[in-house]
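Read-outs: derived from the displayed coordinates by stated rules, not from any lab. These numbers were taken from a predicted model, which means no experiment stands behind them. Here the Cβ is made from the backbone with ideal geometry for all residues, glycine too, and neighbour counts use every protein chain on show.
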Amino acid sequence: MQAFLLNLHLIFVWPVLLAGVVSLIIGLILLIDRWRQLAPISTAQATAQATTNAEAIETTAAPETAEKPAATPAPPQTTLQRAFRWSLIATAALGAIQVAIGGLVFASGERPNDPLHYVYGAIVLLSIPIAYVYSDQKQVRRDIIIMTIAVVAVIGAATRAFMTGIGLP
């Protein structure tokens, strides 16, 4: 049973890495898309847009006694944002399963060659949940950056955990 658990633990790192790489690719695509949306506009376009905005404000100015309009709802998530969210969930879930299998390997008496293996496992387990708690779920670009960095941490820690687990320096 001990050999089975150890082999399962060694093999299961690949789904964790694959899910992490997919999440990283989607996160980078989303970041590039956001940066393109925020690209600076030319001076002529900015002047024309400012004039149009000023005219719109003048024509739609409401008396001060009018009620404030309701807050605009958040824009719906794009398919890519939903894919990013689900890939993050899959990466975190696979990481948790990998850590659980590692716990069973530990309970069976097997130990890694390097004690840092436990630290890397903790990083794989906690990176995405901690990043989610740190993000405020309001600033989309900032949240994508935070979660993408968490995925990079998962990929790096999973790779190092695999290396220390098989005895590489």
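Below are the figures for this structure:
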| read-out | value |
| --- | --- |
| Distance (nanometres) between label positions extended 7 Å along Cα→Cβ at residue 96 and residue 159 | 2.6 |
| Whole-number D in µm² s⁻¹ for the range 95-143, Kirkwood Cα-pair radius fed into Stokes-Einstein, 4 °C, 1.567 mPa s | 103 |
| Rounded FRET efficiency, nearest 0.05, which uses the C-beta distance separating residue 134 from residue 113 and R0 of 25 Å | 0.15 |
| D_trans [Stokes-Einstein, Kirkwood Rh over alpha-carbon pairs] for the range 88-169, 37 °C, 0.692 mPa s, µm² s⁻¹ | 246 |
| Using a Förster distance of 22 Å, the FRET efficiency for residue 89-residue 10 (Cβ separation, nearest 0.05) | 0.35 |
| Local net charge near residue 135, Cβ-Cβ under 10 Å (Lys/Arg +1, Asp/Glu -1) | 0 |
| Radius 13 Å from Cβ of residue 31, net charge of other residues (Lys, Arg +1; Asp, Glu -1) | +2 |
| The range 1-32 versus the range 112-169: alpha-carbon centroid distance in Å | 11 |
| Amide proton proximity set for residue 113, modelled H, under 5 Å, gap of 5+ | 167 |
